[in-house]
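Okay, here's the structure, questions in a sec.
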Amino acid sequence: MATLSCQPSDLATLLGSTSTANSSAVADYLCSRFNTVAATLTSTSYALDNTYLLFSAYLVFAMQLGFAMLCAGSVRAKNTMNIMLTNVLDAAAGGLSYYLFGFAFAFGAPSNSFIGRHFFGLSHFPNPSTDYSFFLYQWAFAIAAAGITSGSIAERTQFVAYLIYSTVLTGFVYPTVSHWFWSADGWASAARPSNLLFNSGAIDFAGSGVVHMVGGIAGLWGALIEGPRIGRFDRSGRSVALRGHSASLVVLGSFLLWFGWYGFNPGSFLTISKSYNDGRPYYGQWSAIGRTGVTTTLAGCTAALTTLFSKRLLVGHWNVIDVCNGLLGGFAAITAGCAVVDPWAAVICGFIAAWILIGFNKLAEKCSYDDPLEAAQLHGGCGAWGLIFTGLFARKEYVAEVYKAGRPFGLLMGGGGRLLAAQLVEIAAIVGWVSVTMGGLFYGLKKAKLLRISREDEMAGMDMTRHGGFAYVYNDEDDPSGKPAGFMLRRIEPADGSPSPVDDRYPSGMAAV
């Protein structure tokens with residue numbers, strides 16, 4: 001909002017009164033009223049922007065519920081309580097670590113280009129540059145990165161390992177990366193006022209790299225160091241599907257994540273009341289926010305449909321789990337450039353993201369890599385594509401609106417290769433940093449025998465062995481390991497030995513009920 005001010009000395013000369021004293025008195029009165037209105041409008045603008053940011057923070061936090069449902073549906077029933085608990089742990093442990101250290105490392109300005117050094121424990125808060133709403137919003141992002149990693153190492157990881165990695169990731173590893181690319185002091189940040197990387201800085205508007213690649217690469221190292229789940233590959237190395245127990249939870253979780261993404265991407269503008277002052281009173285940051293919601297939607301929808309028909313051609317059936325993962329892959333990819341690309345470009349982003357996910361999943365099978373939620377392939381692979389996509393398709397006008405006029409823009413949009421070079425540097429920096437820190441952490445946990453559970457516990461399921469009982473009154477029917485001694489639904493055959501029509505329709509044994 002433009003600054004409004006009134007000086008009595010300027011106003012007195014315009015009143016046309018013969019009495020200088022009267023002119024000054026009237027000018028003082030009018031200016032006092034005018035300044036009161038200006039202060040009220042300024043406070044209203046702050047209130048509107050903070051309300052918008054808080055609402056966006058609530059949407060992003062609601063994604064934790066989506067993560068929980070998606071993770072629960074993607075694992076076997078015998079590990080449901082364990083994966084639910086890890087999602088709660090990500091939010092709880094991440095809340096304390098981000099409050100004590102993480103926010104300061106990420107946004108503690110003034111600082112150096114590597115890491116922040118102010119606002120530990122939210123000291124000196126609020127201040128003219130930031131408020132509590134900004135902390136809440138950034139915390140929701142931090143725990144999203146931790147939630148991504150938990151999916152990669154599901155069904156075989158000790159609870160203490162979850163606690164350690166979640167605290168380190170949200171309190172140090174992720175904040176350092178967000179400082180590099182989002183803080184005005186970061187060495188590769190597009191928000192940096194001067195000395196920009198390649199005179200551009202890396203554009204990662206809502207975190208294809210900062211959030212999704214960090215979580216995905218951390219999960220990649222965790223899953224590689226732990227190794228695959230028992231039974232995931234046979235002795236000859238062929239892939240054996242260990243299907244999750246509830247497609248319904250996967251679909252509901254995906255819809256919740258979709259809903260939350262409208263806080264994730266459009267909310268990253270942080271304010272809504274800014275005018276671009278381009279001669280169009282109807283056009284401002286509120287319009288850019290709407291456009292960002294559209295690009296987010298189109299990328300996800302295109303990726304979902306591309307996955308649907310591609311998997312139909314490849315495997316011969318329509319698979320809702322694959323479609324949900326494709327949808328999320330499109331969202332992860334568009335997150336970097338959602339504010340600086342046209343809607344038609346978002347369609348291209350989603351289409352290619354779907355094929356990248358399919359390709360990385362094929363590669364994972366060939367390498368005997370086991371990721372129950374495809375988190376490393378989805379968030380790591382599609383997140384990297386999102387950064388490259390932004391370097392190719394960022395539009396000049398949108399880059400000027402969101403960042404600053406005169407900045408490099410997309411290579412295919414006529415902006416040269418400097419932005420693309422900065423994007424590639426971001427990919428390399430994230431892969432290197434997360435590999436050293438989180439890869440080293442997971443390796444240390446393995447050496448300390450704190451990473452993977454015992455074979456017996458894994459076969460029986462962590463709900464029974466680590467959490468006191470199953471989440472449901474039944475167990476996975478097609479899983480021969482770890483059948484509980486208590487009550488279970490089981491199949492009852494007719495006395496004459498001939499199957500009934502009802503049994504043919506309900507092979508799972510529900511006819512007995």
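The values are calculated or read from the model by the stated rules, or taken from the named source; none is laboratory data. Quantities reported herein were computed from a predicted structural model and do not represent experimental measurements. Here the Cβ positions follow ideal geometry from the backbone for every residue, glycine too, while neighbour counts run over all protein chains shown. Please note that ligands, DNA and RNA were not included when accessible areas were found on the heavy atoms of the full protein model with its side chains. Shrake-Rupley method; radii C 1.70, N 1.55, O 1.52, S 1.80 Å.
Restricting to DSSP H runs of at least four residues, report the calculated mean residue ellipticity at 222 nm for the chain, -39500 (n - 2.57) per run over all residues, nearest 500 deg cm²/dmol.
Helix contribution divided over all residues of the chain: -18500 deg cm²/dmol.
Based on a Kirkwood Rh over C-alpha pairs, give the Stokes-Einstein translational diffusion coefficient of the chain at 37 °C and viscosity 0.692 mPa s in µm²/s.
For these conditions, the coefficient is 133 µm²/s.
So who's got an amide H within less than 5 Å of the one on Arg452, skipping anything under 5 residues away but keeping other chains? H placed 1.01 Å off N, in plane.
Here the answer is Gln158, since their amide H atoms fall under 5 Å of that of Arg452.
Same structure, new question: Ordering Thr465, Thr437, Thr149 by how much accessible area each has at a 1.4 Å probe, largest first, what is the list?
My answer, sorted largest first, is Thr465, Thr437, Thr149.
Could you put Arg291, Arg418, Arg235 in order of accessible surface area, largest first, with the 1.4 Å probe and the full protein assembly present?
Arg235, Arg418, Arg291
How much of the accessible area of region 376-444, in percent, comes from carbon and sulfur atoms when a 1.4 Å probe is used? List each step's numbers first, then the result.
On the way: 1620 of 2420 Å².
Result for region 376-444: 67 percent of the exposed heavy-atom area is carbon or sulfur.
Within the P(r) computed for region 410-461, what percentage of the Cα pairs occupies the region above 17 Å?
For region 410-461, the fraction of Cα-Cα distances above 17 Å is 62 percent.
Estimate the FRET efficiency between Ser45 and Val320 by the formula 1/(1 + (r/R0)^6), using the beta-carbon distance for r and 35 Å for R0, to the nearest 0.05.
0.20
Next up: Each label point is 7 Å from the Cα along the Cα-to-Cβ direction; what then is the distance between the points at Leu313 and Leu100, in nm?
5.3 nm
Just to confirm the number: angle between the C-alpha axis of helix 418-447 and the first principal axis of the chain, 0 to 90 degrees, nearest 10?
Roughly 50 degrees, rounded to the nearest 10.
Near the amide H of Phe233, under 5 Å away, which other amide H atoms are found, from residues 5 or more places off or on another chain, if H is placed in the peptide plane?
Val240
³J(HN,Hα) across region 89-103 via Karplus (A = 6.51, B = -1.76, C = 1.60, θ = phi - 60°), whole Hz, x for Gly/Pro?
For region 89-103, the Karplus curve yields 5, 4, 6, 6, 5, x, x, 5, 5, 6, 5, 6, 10, x, 4 Hz.
Net charge around Leu314, counting only other residues with Cβ within less than 12 Å of its Cβ (Lys, Arg = +1; Asp, Glu = -1)?
That works out to +2.
What is the magnitude of the charge dipole of the chain about its Cα centre, with +1 placed on the Cβ of each Lys and Arg, -1 on the Cβ of each Asp and Glu, and no other charges, expressed in debye to the nearest 20?
Values: 33 positive and 32 negative charges, 152 e Å.
Computed about the Cα centre, the dipole is about 740 debye.
If you don't mind, another one. In whole Å, what is the distance between the alpha-carbon centres of region 245-309 and region 405-470?
Result: 24 Å between the Cα centres.
For the chain, what does the accessible surface come to per residue with a 1.4 Å probe? Please give it in Å².
So the chain comes to 44 Å² accessible per residue, rounded to a whole number.
Per-residue HN-Hα couplings for region 286-302, Karplus 6.51 cos²θ - 1.76 cosθ + 1.60 at θ = phi - 60°, whole Hz, x for Gly and Pro?
In residue order, the calculated couplings are 4, 6, 5, 5, x, 4, 5, x, 5, 5, 4, 4, 5, 5, x, 5, 4 Hz.
Measure nothing but the geometry: give the 0 to 90° angle between the long axis through the Cα atoms of 247-264 and the longest principal axis through the Cα atoms of the chain, rounded to 10°.
Approximately 10 degrees, to the nearest 10.
What is the helix-to-structure angle for 320-334, meaning the angle in degrees between its Cα long axis and the longest Cα principal axis of the chain, kept from 0 to 90 and rounded to the nearest 10?
So the helix axis and the longest Cα principal axis differ by about 30 degrees.
To continue, here is another question. Sorting check: for 212-221, 45-54, which peptide has the highest mean count of neighbouring beta carbons within 10 Å, and how do the rest follow?
212-221, 45-54
A further question on this structure: Kindly write out, for region 182-187 in residue order, the coupling ³J(HN,Hα) from the Karplus curve 6.51 cos²θ - 1.76 cosθ + 1.60 (θ = phi - 60°), rounded to whole Hz, with x marking Gly and Pro.
Per residue, the Karplus-derived 3J(HN,Hα) values read 10, 6, 5, 9, x, 5 Hz.
Between Ser113 and Ala92, what FRET efficiency follows from the Cβ-Cβ distance if R0 is 30 Å, with the result rounded to 0.05?
Once rounded, the FRET efficiency stands at 0.40.
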